[in-house]
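Data block below; observations after.
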Amino acid sequence: MQLMTDGGLWYVMKMPTLDNNKARLKPLLDDLYNKYSLSHLESDPVFFPHQYKDTLDIEIAGLISSALAYGKVDLFKPKIAYILKVMGRSPSAYISTFDPAGERRFDSFVYRFNRGPDIVHLLYVIQLIIKDSGSIKGFFLKGYSADDPDIERALSSFVNRILKMRCSEAYPDSRLSDGFRHLFPTPGKGGCKRLNMYLRWMVRKDSIDFGLWNEIPPSKLIMPIDTHVARLSGYLGLSKRKSVDWKMANEVTGALKMLDPQDPVKYDFALSRLGILNECPAKRDESKCRECGIRWVCVR
């Protein structure tokens, strides 16, 4: 039980458990999954890679879009759009001839923790990845083993190899900027939401996700955890943790595997829509609660 307050009125809230909710939760989440489809694409950064058809263009646009997808959607979307506009109709063609010393169109770029040099550094890293492995998938798979229980070890390898790349042509300072490090957080510490989201796009296959990396089964993915999904996971009994971190991501993933062992992160897009579209606001709204499709299993 937990003591809560609503407008000065204190009450006792009985926390839900997955065991109690499982039978009712899955069909409701499936309904939610079917509801939020391509018609809601523009509310998500996955909108950007959907503008391309070539596999390598999708990989590149997806990595850039997921890396910058922090903060409010209406703030980061124009920043991602600007980067991709500079890159032209084919991100892969742009990357193949990218000259970090000669690209000055990002000099005035600013978005929260990131500045222009961080974007140039990111683009140069993508160029090095493709020169090394032919694709982002090829580079990622160098750290992946089919024997791994989940994606954590491969993701850690991916991030560590990127952070160790010699990028003096793009970034003369030998010390990595905090802004660039923010683009590639270390798994096992924070929730790593953006990288897990990118992997969801690349590995899963449906109308939203591309399914380009079929060497990795969706069952090994870790749930991308943002503030919206973290809050809803508490309401639905998927996690008892308060910190939005890797442990919460694992706990939520484990709970969802009880509902769908082969594809536990399939509900990520739908759950995050409830928060991003303000259909489940942080402050309780009785009228919205009455219309919510998961109200029957929600603690609120």
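Descriptive notes on the structure:
- Where a residue in the stretch 267-283 is within 17 Å of Arg300 (Cβ to Cβ) and open to solvent by 10 Å² or more (accessible area, probe 1.4 Å) and its partner, wherever it lies, is modelled with pLDDT of 90 or more and aliphatic (A, V, I, L, M), with Cβ under 6 Å and at least six apart: Cys280/Leu274
- Exactly one residue out of Glu42, Glu59 is assigned to a helix (DSSP H, G or I), more than 19 Å from Ile119 (Cβ to Cβ) and of a type in the set (D, E, K, R): that is Glu42.
- Scanning the stretch 100-143 for residues that are over 24 Å from Met202 (Cα atoms), touching a residue at least 24 places away in the same chain (Cβ under 8 Å), open to solvent by less than 40 Å² (accessible area, probe 1.4 Å) and assigned to a loop (DSSP other than H, G, I, E, B) yields Pro100, Phe109.
- The stretch 151-162 residues that are over 20 Å from His182 (Cβ atoms) and part of a helix (DSSP H, G or I), paired with ones that are open to solvent by less than 10 Å² (accessible area, probe 1.4 Å) and of a type in the set (Phe, Trp, Tyr) (beta carbon under 8 Å, 6 or more apart): Ala154/Phe140
A quick yes/no check of all residues on (1) hydrophobic (A, V, I, L, M, F, W, C); (2) more than 27 Å from Asn278 (Cβ to Cβ):
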site	(1), (2)
Phe76	yes, no
Ile80	yes, no
Thr97	no, yes
Asp107	no, yes
Tyr111	no, no
Val120	yes, yes
Ile130	yes, yes
Ser133	no, yes
Asp148	no, yes
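- Of all the criteria given as (1) in contact (Cβ under 8 Å) with a residue 24 or more places away in the chain; (2) surrounded by 17 or more Cβ atoms within 10 Å (Cβ to Cβ), the one not satisfied by Ala81 is (2).
- Residue tally, condition basic (Lys, Arg) and either within 13 Å of Leu63 (Cα to Cα) or assigned to a helix (DSSP H, G or I) (or both), over the stretch 80-95: 1
- Single match in Val229, Val265 (criterion: under 21 Å from Ile58 (Cβ atoms) and part of a helix (DSSP H, G or I)): Val265
- Among the candidates Leu232, Leu176, the residue that is of a type in the set (A, V, I, L, M, F, W, C) and crowded, with 20+ Cβ neighbours inside 10 Å is uniquely Leu232.
- Matching residues, the stretch 284-300, being in contact (Cβ under 8 Å) with a residue 40 or more places away in the chain and assigned to a helix (DSSP H, G or I): Trp296, Val297
The values are calculated or read from the model by the stated rules, or taken from the named source; none is laboratory data. Since the structure is predicted, the reported quantities are computational estimates derived from the model, not experimental observations. Quick reminder, even Gly has a Cβ in these numbers, built from the backbone with ideal geometry, and neighbours come from all protein chains shown. Quick note on the areas: whole protein, heavy atoms, side chains included, nothing else; ligands and nucleic acids left out. Shrake-Rupley method; radii C 1.70, N 1.55, O 1.52, S 1.80 Å.
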